[in-house]
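The values are calculated or read from the model by the stated rules, or taken from the named source; none is laboratory data. Just so it is clear, the structure is predicted and the values come from calculations on it, not from any experiment. With ideal geometry, Cβ positions are generated from the backbone for all residues, glycine too; neighbour counts draw on all protein chains shown.
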Amino acid sequence: MPEILFSNVKPTSGAAKVVVCGAKFSAKNYDSFLSEDEIKLLTATIKRENFEPKTGGFLSIQALSHTIICAGLPDSPSPVDFEKLGGNLYKHIQKIEKAFVYAKNLSSEDVYHIAFGLELGSYRFDKYKTKQKPESLPKLETVTFVGGQKLSLKAYAPYAALANAVRYVRDLINEPANNLTPEILAAEIKRLSYLGLKIEILDEKQMKAKGFNLALSVAQGSCNKPRVAVLLWQGKPKQKKFDLGLVGKGVTFDSGGISLKPSKGMADMKQDMAGAGAVIGAMKAAALQKLPINVAAVVGLVENMPSGSATRPGDIVTSMSGQTVEILNTDAEGRLVLADCLWYIQEKYGVRKVVDIATLTGAIIVALGSEMAGVLGNAQGFIDKLRQLGAEVDENLWQLPITPAYNKLMDSAVADMVNSSETREAGSVTAACFLQRFIQKDVEWAHLDIAGMDKENKGRPLTPKGATGFGVRLLNSLMKSV
């Protein structure tokens, strides 16, 4: 990742000079940054190439001692537009050691969003590659924003903290399951206590004592023991109550259990802990930013494997809430983990506003593809707020319904409920109906199904191929607005 700097130093020879020209290029705006010859060359090239900055494209030309890059923007650009510019810019400058971005004509917030986008767009996960050609590696060392008198690393710190958290979560999600078991992930979470987070790790014995029976039923087929991690951020230390509760699904590998998944694509199931990852990242960002909010977070960490000790379809398990669940499909395991964690965070920490986040159903991918996550819940105002915040940070949500008719599909003939309806219809909705049965009276609840959003194959500006860290920015925005 390149180092982000703010300074008025002159660009060094061989560096890239970047001008953000907005929707229209005007040479007079850059006469203190580009030489007269560079302005003439850039103006002529823009005319010859018929370059239209408002399309959001880039124009790159080689001058005598610099690479000159003109970055366009649409009319009335949003913060996300500036972030995407930063992410795309990285692709154009990654093979150059130093880049200087002219910031005089931009607001400080615009500059910080560009830098934030650069940090996200420059992410790569190559720790397991032992043979890489030097020419294939990025060379970019520093990106310096010049000409902005009010720019500072101190003011940029909250953006850098959020970028740090997103990149951290991407690292966790990209880790192979053999190197990120529930115990290993729990130990990594515990390490974050240095930030001021209060962290408690519940082992298998403690989980049994507290009644995490649904979560334990998922884990009982694996030789890797389960854990529950509790993370508390008390940014208002004089206040005892918690303003928000977060719950994340942390299935570090999901084979489907006895209801075994098809082999094709199963390798991606190392990412079935992306919901827990988002929660961990959001808590890390809150601590780094020292947000004035009290947040309790619970993540259930399990591995779902088939074995002689694994839960069988047809088994009935009593949840922490006392409700009984007939497990028809052991591949509908995430909701079992979430159910106990949801009940625990309400009982133990008294949260009255809670969000759970999980790569929960393949059905949400059928419905929404990889463009939006699904949101369901019991409080319309809360859902509307999440959708608004999601749109602002480019982590978009689409609401699906919860109705009595859908809820009835989760009734069992022999227990209080089944964990999977006997029909393939409305799988994302019925999963949410199951979770709603573990939400206490007067608690505002929203469920985010992020399956399909946890991994990027298209190489978009802010999410290079691999884990996206979806949800960290959204939850961070939520913490700032509760």
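Observations, loosely collected:
- Options Ala209, Ala165: the member that is farther than 21 Å from Val279 by Cα, hydrophobic (A, V, I, L, M, F, W, C) and modelled with pLDDT of 95 or more: Ala209
- All told, Ser307 meets the bar of being in contact (Cβ under 8 Å) with a residue 40 or more places away in the chain, more than 19 Å from the chain's Cα centre (by Cα), surrounded by fewer than 20 Cβ atoms within 10 Å (Cβ to Cβ) and closer than 16 Å to Thr181 by Cβ.
- You will find that of Ala165, Ala160, the residue that is closer than 20 Å to Pro461 by Cβ and surrounded by 18 or more Cβ atoms within 10 Å (Cβ to Cβ) is Ala165 and no other.
- Thr468 within 22 Å of Ile280 (Cβ to Cβ), in the same structural domain as Gly256 (by TED's automatic domain parsing) and either charged (D, E, K, R) or surrounded by 20 or more Cβ atoms within 10 Å (Cβ to Cβ) (or both): yes
- Selection status of Leu232, touching a Ser or Thr at 6+ places or on another chain (Cβ under 9 Å) and either crowded, with 21+ Cβ neighbours inside 10 Å or not in a loop (DSSP other than H, G, I, E, B) (or both): no
- Looking only at the stretch 241-268, and only at residues there that are surrounded by fewer than 22 Cβ atoms within 10 Å (Cβ to Cβ), touching a residue at least 40 places away in the same chain (Cβ under 8 Å) and within 23 Å of Lys465 (Cβ to Cβ), the one that is nearest to the chain's Cα centre (by Cα): Asp268
- Subset of the stretch 254-268 [farther than 19 Å from Leu180 by Cβ and of a type outside the set (Gly, Ala, Ser)]: Ile258, Leu260, Pro262, Lys264
- Hits in the stretch 185-229 - residues which are assigned to a loop (DSSP other than H, G, I, E, B) and farther than 25 Å from Ala310 by Cα: Gly196, Leu197
- Residue within the stretch 60-70 that is at pLDDT 90 or above, at positive phi and loosely packed, with under 14 Cβ neighbours inside 10 Å present: no
- Selection over the stretch 1-34 of residues that are surrounded by 15 or more Cβ atoms within 10 Å (Cβ to Cβ) and either part of a loop (DSSP other than H, G, I, E, B) or among the polar types (S, T, N, Q) (or both) gives a count of 9.
- Selection count, the stretch 184-221, where residues are touching a Pro at 6+ places or on another chain (Cβ under 8 Å) and among the basic types (Lys, Arg): 0
- Number of residues in the stretch 71-125 that are over 24 Å from Lys465 (Cβ atoms) and among the hydroxyl-bearing types (Ser, Thr, Tyr) equals 6.
- Tally, over the stretch 254-278, of residues that are more than 30 Å from Val482 (Cα to Cα) and out of contact with any Pro (no Cβ under 9 Å at 6 or more places or on another chain): 9
- Going through (1) surrounded by fewer than 19 Cβ atoms within 10 Å (Cβ to Cβ); (2) more than 27 Å from Ala186 (Cα to Cα); (3) touching a residue at least 60 places away in the same chain (Cβ under 8 Å) one by one, Leu368 falls short only on (1).
- Condition check for Ala287: touching a strand residue (DSSP E or B) at 6+ places or on another chain (Cβ under 9 Å), in the same structural domain as Lys190 (by TED's automatic domain parsing), surrounded by fewer than 24 Cβ atoms within 10 Å (Cβ to Cβ) and among the aliphatic types (A, V, I, L, M): yes
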